[in-house]
Each structure stands twice: as C-alpha cells, then as structure tokens.
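Presented below is the structure to which this report refers.
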Amino acid sequence: MILLTFNILNIEAADQKTVEISDVERLKITVDNTKAILRILDIHDIKASFFVEISIAEKLQNLIKAISSKGHEIAFYNKDSSLQQIEETKKNIQALLEKQIRGIRQKDFKQPQDSLKLLEFNYVSNIDNANILFPFKRLKRNTEITEEDGLSIVPESISPYFQLPYNDFMFQILPMKYYRNMVFETLKNDDFVLVYINSWQFTDFKKYKFDIPYYRSLFSGKKMEDKLDALLTWINENDMATSRMKDYIF
C-alpha cells in the first residue's frame, strides 16, 4: 500500500535582501501550490492525506473545504502550537467540515502522546529533519504501525535495500526511475510505503526570491509537479494500491 501525504505549510525561508515577501503572499503561495497538487491528484483519481499546519489552518478554510470535498483526508501538522491552540483549531475545523480530524504529524516540537489522545486524535505520524546529510546516516527503525498511549504510531518508511528514507528531500532530489525502484523493492518487504512531500517544494523560486540553499531549490516548482505526475502515472499503470492514512490504519 502506498500512503501519499502532503504537508501544507508556509515556506519559512527568509526573503533575499532585495525583496520582501509578506505573510499574505506566503499564504497565497501555499494555496496556489496546494491547488497544483490537487489538480494532479484529480487527473489520476488518487486520494491522499493533507497535513495542514495548525497556525495557518483557520486562514485556509476555503482550501481545506476544497481538499475535503474532493475526498482527501484532512489532518494536522504541528510546528510549535500549544495544546490549547491544537484543541481550538481542531474543534473549529471539525465544525467546518462536519468530520473528525483523526491524525496529527509533528517534527521538531512534539506534544506528549497522552495529551494528543485526550484531544481525540487516533494516530500520530511524526517525521524527522530532512537535510542534505540525512541520507548518509545508517537508518534502523521499526517500519510497522504500533499502538502507544491509545494512539496508532505510524513510522516513517525506509527503503530496506537502499537505506534511504521516503522524506520530502528524497522525493525532490532522486531521479524518478530510482525512486520508483525504491518503492517497488520496499513493498516487497513492508506492508506500506509512507511518502510525504511539502507544499512549499512546488514554489517557483525563480519568481519568488527566497533565501534557500541551492540544493533545496533544485527540481522545485513545475519540476516537482512533473515528478508527482510521473509517480502517479506509474502507480496507476501498475495497478498499485493507494490509501488515505485514516482508511489504512482503521
């Protein structure tokens, strides 16, 4: 099973010295990038899970409704929000959608699992930092979903042969032929492959002058759209199963 997920969050990089990109414009970039992702998913009739960053979720109500109306899952991405902020946002978005938010994803700042259970989340999908040196670390990690504190804990996927994680940086930088081979080989060994991609990776960095490392701008923007399109084409041509996170876990 392929679990295709997207983190919907504003780009955090600073502006280049000659420009100033406002918070409003950053939010618009996030919306436009997400619409590009939705368009590609629609073409291939594939459903995914969208982890929306909590601090901007209520500013993206129209986008969240559009994502949900197309049959995709809405979950949360916690960057650095307090438990009170998470609870309030969860309540408001659930009222907006008339659906329960089951999942949450965290990276650097992690709220306790027992507290997340009290907020009525059902699963946690935490991720690691993805920098240029990360792929060179020897990775050993459980790749099975476990139960802790009443929550389903979904680990990141790792290729058992190439020893590479399925994080946002790997998707952006690896040639698609190599990436497809990773997916194919991993599914021979594991029950699922969890893929995650950030919305900001679809930004046109020639148009928007952010101060980001060169390796992070490689194959971004339209090239990311083309790569996602190529992956979904391959998935459908090979009749490979995909699922939203909540459907697969429950």
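All of the numbers you see were taken from the coordinates with simple rules; none came from a lab. Worth saying up front: this structure is predicted, and the values here are computed from it rather than measured. Ideal geometry is used to build each Cβ from the backbone, glycine not excepted, and the neighbour counts take in all protein chains shown.
Here are some notes:
- Antiparallel bridges, percent of DSSP beta bridges restricted to the chain (to nearest 5): 15
- Sequence-ordered 3J(HN,Hα) estimates for segment 194-200 from the Karplus curve with 6.51, -1.76 and 1.60 and θ = phi - 60° stand at 9, 9, 9, 9, 9, 4, 5 Hz, glycine and proline given as x.
- Where N is the number of residues in the chain, Cα Rg divided by 2.2 N^0.38 Å: 0.97
- For segment 68-87, backbone nitrogen atoms closer than 19 Å to the point 7 Å from ASP229 Cα along Cα-to-C-beta are found at no residue.
- In range of the label at LYS99: residues from segment 30-74 whose backbone nitrogen is under 15 Å from the point 7 Å along Cα→Cβ: 38, 42, 46-52, 61-74
- GluC sites (Glu not before Pro) within segment 7-72, DSSP loop, no more than 11 other Cβ atoms inside 10 Å: GLU12, GLU20
- Taking PHE192, PHE109, PHE50 as the candidate residues, the one with maximal mean-square fluctuation in a Gaussian network model of the chain, Cα springs under 10 Å, is PHE109.
- Taking a straight line from the alpha carbon of LYS79, these aspartates and glutamates sit under 14 Å away, with near neighbours fewer than eight places off in the same chain left out: GLU12, GLU53, ASP108, ASP128.
- Within the straight-line cut-off of under 20 Å between alpha carbons, the aspartates and glutamates reachable from LYS47 are ASP32, GLU73, GLU98, GLU156, ASP168, ASP191, GLU225, ASP226, ASP229, GLU237, ASP239, ASP247, sequence neighbours fewer than 8 places apart in one chain being disregarded.
- Taking the helices alone, the chain has a mean residue ellipticity at 222 nm of -12000 deg cm²/dmol, built from -39,500 (n - 2.57) per DSSP H run of at least 4 residues and averaged over all its residues.
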